[in-house]
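Written below as structure tokens is the structure these notes are about.
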Amino acid sequence: MKEEIETQHLEKRFGVIAIESGYVTPKEFVDALKIQVMEDIEKGQHRLIGRILLEQGIITLEQIDKVLGKIGKGMPLLRESA
């Protein structure tokens, strides 16, 4: 439960920073959230927002790294889940 709350908080901060940095639009972020929620419900699979945006070609690994750096996380978070 605690890990789920921490992940949700990380994704919220990720989205805010990605939008403020101009890497994604609010609509692109909301669309990625919808995909994430649907996968959670339908498949029981939770993908990180950054991974969804990356696979859609909306954000780059470099941009993800910059966002994660701003919230005190490093690239291993994304790469470990690959």
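Only the coordinates and a few stated rules stand behind these numbers; no lab work does. The structure displayed is predicted, hence computed values, not measured ones. Note that we place each Cβ from the backbone using ideal geometry, even for glycine, and neighbour counts take in every protein chain shown.
Suppose we filter region 12-29 for residues that are over 11 Å from the mean Cα position of the chain (by Cα) and part of a helix (DSSP H, G or I); how many remain?
Residues in region 12-29 being over 11 Å from the mean Cα position of the chain (by Cα) and part of a helix (DSSP H, G or I): 5 in total.
Considering only residues that are hydrophobic (A, V, I, L, M, F, W, C) and under 11 Å from the mean Cα position of the chain (by Cα), look in region 38-55 and name the one that is surrounded by the most Cβ atoms within 10 Å (Cβ to Cβ).
Applying the filter and picking the extreme gives 53.
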